[in-house]
1. With labels modelled as points extended 7 Å from the Cα through the Cβ direction, what inter-label distance (nm, one decimal) is found for residue 74 paired with residue 146?
2. So how long is each side of the chain along the principal axes, counting just the alpha-carbon atoms, biggest first, in Å?
3. Of all the Cα-Cα pairs you can form in the stretch 71-168, what percent are over 19 Å apart?
4. At 20 °C and a viscosity of 1.002 mPa s, what translational diffusion coefficient does Stokes-Einstein give for the stretch 102-236, taking Rh as the Kirkwood radius over Cα pairs? Give it in µm²/s as a whole number.
5. Starting with the fewest neighbours, write out 28, 46 ranked by other beta-carbon atoms found within 10 Å of each beta-carbon.
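Throughout, read-outs are computed from the coordinates displayed, never taken from laboratory work. What you are looking at is a predicted structure, and each value in this text was computed from that prediction instead of being measured. When we count neighbours, we look across all protein chains shown, and the Cβ atoms used for this are built from the backbone with ideal geometry, even at glycine.
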Amino acid sequence: MQRYVHRRLAECVVLHYANSAMSGRCSFCEVGGTQSATKTNHHRLFSKTIEGSEDIPDYGDIYWTNMYELLECAGCESVTLRHTYYFQDTDETTIRTYPPRIARRRPRWMNKLPKPMREMLRQAYVALDSNCPALTTMGARAVLDMLLVEQVGDVGGFGKKLKALEESGVVGQKNRLILETALDAGSAAAHRGHQAAADDVNAVMDILENLLQAVYQLDSLADRLRRTTPPREESV
């Protein structure tokens, strides 16, 4: 009887999460145009539940339930796999989606970056999507180092590179101090195992994206504006 009760409890928990998320976040839907994923309705295309149990000597029975669902976004029709895992002994439910939900939209100007830098930045976004803050900040630090070497050469440590970047006119003193903060967050993750909070990770990505856009896109945008803006008429 106890085995049946535990099994039914696991089923009810998994079904609760399954039915409550038919209106969920879609990483691929452009509706709303926000930085984070958009909330849309989803259709369940397929569902399979697998239950398991084990009798542990001197402890008792433990139960777990895995539910796999194929979900289709009602907006953009993209399909994702959602895995809901419930472990009765700890009363914990874990939900994962494949591919992982996009935590931060990629900037449209990414294709303007040099290929090695673009690939490193892509990996940093993948780490962010996978909720790996240390890997994200370390990846951002690596991208920033690549940019520094490209702009001023390998003139020494981060401090010397940032100073050279300021002296070259690419950034001002205030921006240099901001970049130092982003670099320190990556160094803390790499050397001290620091796990930054989500807001702090996004702050690092904000700083990095602003610099990359300023270096690789804004000049071309300004050139286009100069060409398309009519000149001011000279006063007689």
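1. With each label point 7 Å from Cα toward Cβ, the separation is 4.1 nm.
2. 95, 47, 27
3. Value for the stretch 71-168 (Cα pairs over 19 Å): 61 percent.
4. Value of D from the Cα-based Kirkwood radius: 134 µm²/s.
5. Working: 28 17, 46 11.
Sorted ascending by nearby Cβ count, the order is 46, 28.
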